[in-house]
Amino acid sequence: MSNQKKILDDKKYNKLIVILSIVIPLAVAALFGIRIDYELPVFLPPIYACINAATALVLVLAFIAIQNKKIKLHERLMKFAIMLSVLFLLMYIAYHMTSDSTKFGGDGTTKYFYYFILITHIVMSIAVIPFVLITYVRAITNNIEKHKKIAKITFPLWLYVAVTGVVVYLMISPYY
């Protein structure tokens with residue numbers, strides 16, 4: 001595929017990437033303000049924390065796969081990581097629309113550490129959206145050199161979000 005064709009293929013997705021990168025965080029923020037009087041059949045935070053842990057594991061396995069030139073395995077693992085992230089987001093929204101937020105009860109250094117992790121997790125979870133989408137588009141449009149270049153940024157950001165999601169859950173879980 002020529003470079004011109006790859007650029008055109010990438011560009012046709014740009015508007016969608018921008019829209020999703022703005023709409024997803026705004027929708028999540030807006031849905032936080034909506035309360036539904038419904039009791040979920042299960043307590044979701046430990047489930048979506050496990051999904052975050054699984055996402056982190058899948059990302060590492062995908063990284064190992066591509067390092068070992070197992071391209072098809074890498075592709076399948078990355079698609080699975082995206083599916084896990086979407087599932088996490090749906091569960092996260094469902095929980096926060098049906099439950100009050102839990103206040104962190106720790107103090108001192110632990111409190112500062114928790115809020116540092118929480119804030120960086122939230123900021124990075126918003127920032128990673130366009131990176132994941134751009135990286136994915138560059139893969140599906142076979143723009144592999146540009147895919148590799150942005151994946152070097154996307155991977156650590158996404159991994160940080162997945163791991164800190166678990167850390168946040170572990171730190172706040174005593175206060176549920």
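The values are calculated or read from the model by the stated rules, or taken from the named source; none is laboratory data. A quick note: this is a predicted structure, and the numbers were derived from the prediction, not measured. Note: ideal-geometry Cβ built from the backbone for every residue, glycine included; neighbour counts use all protein chains shown. Ligands, DNA and RNA are excluded from the accessible area calculation, which covers all protein heavy atoms including side chains. Shrake-Rupley method; radii C 1.70, N 1.55, O 1.52, S 1.80 Å.
For the condition more than 22 Å from the chain's Cα centre (by Cα) and closer than 21 Å to VAL167 by Cβ, what is the one hit in THR109, THR102?
Only one candidate passes the filter, namely THR109.
Out of (1) farther than 19 Å from LEU59 by Cβ; (2) open to solvent by 40 Å² or more (accessible area, probe 1.4 Å); (3) in a helix (DSSP H, G or I), what's the single condition that is false for MET124?
With respect to (1) farther than 19 Å from LEU59 by Cβ; (2) open to solvent by 40 Å² or more (accessible area, probe 1.4 Å); (3) in a helix (DSSP H, G or I), MET124 is out only on (1).
Does VAL167 qualify as being open to solvent by less than 30 Å² (accessible area, probe 1.4 Å) and touching a residue at least 40 places away in the same chain (Cβ under 8 Å)?
Criteria not met by VAL167.
Okay, residues lined up against (1) among the polar types (S, T, N, Q); (2) closer than 23 Å to VAL137 by Cβ:
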{"residue": "PHE32", "(1), (2)": "no, no"}
{"residue": "ARG35", "(1), (2)": "no, no"}
{"residue": "TYR38", "(1), (2)": "no, no"}
{"residue": "ILE47", "(1), (2)": "no, no"}
{"residue": "VAL60", "(1), (2)": "no, yes"}
{"residue": "GLN67", "(1), (2)": "yes, yes"}
{"residue": "LEU73", "(1), (2)": "no, yes"}
{"residue": "LEU84", "(1), (2)": "no, yes"}
{"residue": "LEU89", "(1), (2)": "no, yes"}
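Going by the structure shown, is ALA162 open to solvent by less than 50 Å² (accessible area, probe 1.4 Å) and over 30 Å from TYR38 (Cα atoms)? Can you show your working first?
Working: open to solvent by less than 50 Å² (accessible area, probe 1.4 Å): yes; over 30 Å from TYR38 (Cα atoms): no.
Against the criterion (open to solvent by less than 50 Å² (accessible area, probe 1.4 Å) and over 30 Å from TYR38 (Cα atoms)), ALA162 does not qualify.
Could you give every pair whose Cβ atoms fall below 6 Å, whose first residue belongs to region 132-147 and is on the phi > 0 side of the Ramachandran plot, and whose second residue is modelled with pLDDT under 95 and aliphatic (A, V, I, L, M), counting only separations of at least 6 or pairs across chains?
Going by the 6 Å Cβ cut-off, the qualifying pairs are ASN142/MET1.
Condition check: farther than 21 Å from PRO156 by Cα and in contact with a His (Cβ under 8 Å, 6 or more places away or on another chain). Does PHE43 satisfy that? If you could, list the steps in order and put the result at the bottom.
Details: farther than 21 Å from PRO156 by Cα: yes; in contact with a His (Cβ under 8 Å, 6 or more places away or on another chain): no.
No; evaluated as a whole, the condition is false for this residue.
Need pairs with beta-carbon distance below 6 Å; first residue under 19 Å from LEU133 (Cβ atoms) and within region 59-84, second assigned to a helix (DSSP H, G or I) and polar (S, T, N, Q); sequence gap 6+ or separate chains.
Within 6 Å, the pairs are ALA81/THR55; LEU84/THR55.
For ILE119, all conditions in the list (1) within 18 Å of the chain's Cα centre (by Cα); (2) of a type in the set (A, V, I, L, M, F, W, C); (3) open to solvent by less than 60 Å² (accessible area, probe 1.4 Å); (4) more than 19 Å from LEU20 (Cα to Cα) hold save one; what is the number of the exception?
With (1) within 18 Å of the chain's Cα centre (by Cα); (2) of a type in the set (A, V, I, L, M, F, W, C); (3) open to solvent by less than 60 Å² (accessible area, probe 1.4 Å); (4) more than 19 Å from LEU20 (Cα to Cα) applied to ILE119, the lone miss is (3).
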